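Worksheet for the structure shown next.
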Amino acid sequence: MPDIDFSVQIPEVKLVTDLQQIEAANLQNWQSQVILGDCLKVLKQMPEGIVDLIVTSPPYADSRKKTYGGITPDQYVAWFLPISQELKRVLKPGGTFILNIKEKVVNGQRHNYVIKLILELQNQGWLWTEEYIWHKKNSFPGKWSNRFRDSWERCIQFNKEQDFEQEVPDDWEHCIQFNKQKKFKMYQESVMVPMGDWAKSRLKNLSDTDKRRDNSRVESGFGKNISNWLQRKMAYPTNVLHLSTECSNKNHSAAFPKSLPSWFIKLFTEQGDTILDPFLGSGTTCVAAKELGRNYIGIEIKKEYCELAVSNIEKAKLNTQLITLTQSMENSSINSDYDAYYKYLVQHVLTPFYEKRFEKLRKLKLKDILKRKNPYLFKAKNIEFAQDFIKSIVDAFLSSQEETIFGNLLEGFAIYISANLYGGFKSSLNSIDLEFKKNEIYYVVGIKSGTFWGNSDQINRMKDNFKKAKQALRNQGITDTIIAVNGCMYGKDRNPLKEDLDPDKSYYKYAGQEFWNFISEDENLYQEIIVPIDQEAKNKDELFKTTYNTKVNEMTFEFMQYFMNNGQIHWAKLVDYVSKKGEVKLEASPQQMTLDLDESSDFEDTLDLADALDFEEN
Ligand SMILES: C[S@@+](CC[C@H](N)C(=O)[O-])C[C@H]1O[C@@H](n2cnc3c(N)ncnc32)[C@H](O)[C@@H]1O
């Protein structure tokens, strides 16, 4: 992985309550400041072209009038335009402005102030370059008579018009079509997402020629070399961002999740660049900027929010993990992004899983499994052949063990991911497997294999333990909101929130895709896991099958010595051996060898086929 540029120093946050404190012309004086004031007035003092990215969520029209004021929908555009004029002035030519906004419903219909604002911003000289949808994954349930609940918001992207003559030679303008060049800084690799199944389904139907070159139908020559994507594990994201809202920031009613500004900061800036939020609220944009090694400027009109922002920014730490990840995305080949996960799965999940399966198989003794399995069941299945009987009990025994072994190993993978991304760790608290903190929430997670894991007693015990864990953590001084999660590595649960009258016993049940996404913020991880498992299982399974066949043959041979009569399974003898009161001494048929099956026997020695045959000859 590439090194982080530690020479980039983000100065400590300062709260500026009086603009006179800033020597206006000097850029350094604006860096890492939270400025108390009306953004229009503050922006007017700022030097031109000092900001690389603006990410902001202004107060929506008339919303939250009581908490921090609001502008009527009809006045909204006129109120915003002088501010956006200043934003345009302070933004660098290649910079980007991201506006998070949503239309209000007025008199039963969506007001058109956002649409009007976009048109007016274009008239002001902004290029409306893109529109992102922020899909709120966890919006509140509810019902309205004529519409459904709001589950998305707009993030509108504006860029300043480039100085065309400076960027492109005149003859280019004439030779290359007739559109203007709209150049702005963008680092798309830094927000790539795992490819998932796209390649498999898209490429399945293509011929080899198509895979080499998928020229457009009109033969324009702008074909894509589709085969380039065949081996790739990462793809560029769409313009729909699936992010949860955050309920942790209780001190501000309209905070957006940190992942929202983080995504745009990674996409549009580099380390050391400057991010501005003129409607700072609780400081989320600046926190994200600081964590990603960027400079920031925040403006907020309310003193208590300014103080909250400063306190949040002070707590934020340079997140070397995120920066390293971003840089590695930018600098390294697309294929290597998930190598670490794949490597972990092969080394720490698949390899020990097969080792344990081998060990179980090797140690398996007829007398052990005979006594653990229900003979009536096998009789009920009308099993007639000795080998079928042995295969059934060996398979039943192995699969009951495998679920637990594999589950424990895969749980280790979830902890590994959490440790890498959020400093998560294996918990020592009862019922809790993992503890980690994400977006100011402290999570305690009990991990299970699938969704149908427990009866009501077991679930109640888990809930009690969640409560005890929360209390223990609070006693240890954890002041963040603590959320309990029952994570299930496969399956689905449509209603994740499991509410209890006692809030400390309420918990979320995230299953399958939701669980892996919760652990990694990666919607496709649940699919990615299958890739190395698939490859490695093929390699290891051949050897396992040979060992398995040998074992089944050996056991069948042994079974036939003791539990066959006139070529038929001797069910009565079998039931006696498993269930009859007192000691049942097993004896082989007189014409056959005698093997000691009592508890102290070392089964592996007596099972040696060559020895057994020698014995028979004597
Ligand atoms: C939607 S909230 C922003 C929330 C923020 N994104 C966060 O994550 O906390 C809008 C904020 O703008 C502030 N505000 C309203 N008018 C302002 C103005 N003229 N200048 C600066 N801040 C203003 C409000 O006090 C409020 O905190």
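A short reminder: the numbers here are calculations on the coordinates, not readings from a lab. Since the model is a prediction, treat every value here as computed from it, not as a measurement. Don't worry about glycine lacking a Cβ; one is built from the backbone with ideal geometry, like all the others, and counts go over all protein chains shown.
Once the gyration tensor of the Cα atoms in the stretch 339-531 is diagonalised, the equivalent ellipsoid follows with semi-axes of 36, 21, 15 Å, ordered largest first. What is the P(r) of the stretch 469-551, as percent of Cα-Cα pairs per 10 Å bin from 0? Computed distribution, short to long bins: 15, 27, 25, 17, 11, 4. Residue by residue, the stretch 117-123 carries 3J(HN,Hα) couplings of 5, 4, 4, 5, 5, 4, 4 Hz when phi is fed to the Karplus relation 6.51 cos²θ - 1.76 cosθ + 1.60 (θ = phi - 60°); x denotes Gly or Pro.
Can you sort ARG294, ARG362, ARG357, ARG474 so the residue with the fewest Cβ neighbours within 10 Å comes first?
On the way: ARG294 24, ARG362 10, ARG357 20, ARG474 14.
Fewest to most other Cβ atoms nearby, the residues stand as ARG362, ARG474, ARG357, ARG294.
Note on ASN430/LYS492: beta-carbon distance plugged into 1/(1 + (r/R0)^6) with R0 of 30 Å gives a FRET efficiency of 0.65.
The packing ranking of peptides 558-566, 520-528, highest mean first, is 520-528, 558-566, where packing means the average number of other beta carbon atoms within 10 angstrom of each residue.
Please give the net charge around LEU473, taking every other residue with its beta carbon less than 13 angstrom from that of LEU473, where Lys and Arg add +1 and Asp and Glu add -1. Let's see the in-between values first.
Details: positive: LYS437, LYS467, LYS468, LYS470, ARG474; negative: GLU435, ASP480, ASP504.
Surrounding charge for LEU473 is +2.
Taking label positions 7 Å along the Cα-Cβ direction at both LYS183 and GLU402, the computed distance is 5.8 nm, reported to one decimal. Across the stretch 412-425, computed HN-Hα scalar couplings (Karplus, 6.51 cos²θ - 1.76 cosθ + 1.60, θ = phi - 60°) run x, 5, 4, 5, 4, 5, 4, 4, 5, 8, 10, x, x, 8 Hz from first to last residue, x flagging Gly and Pro.
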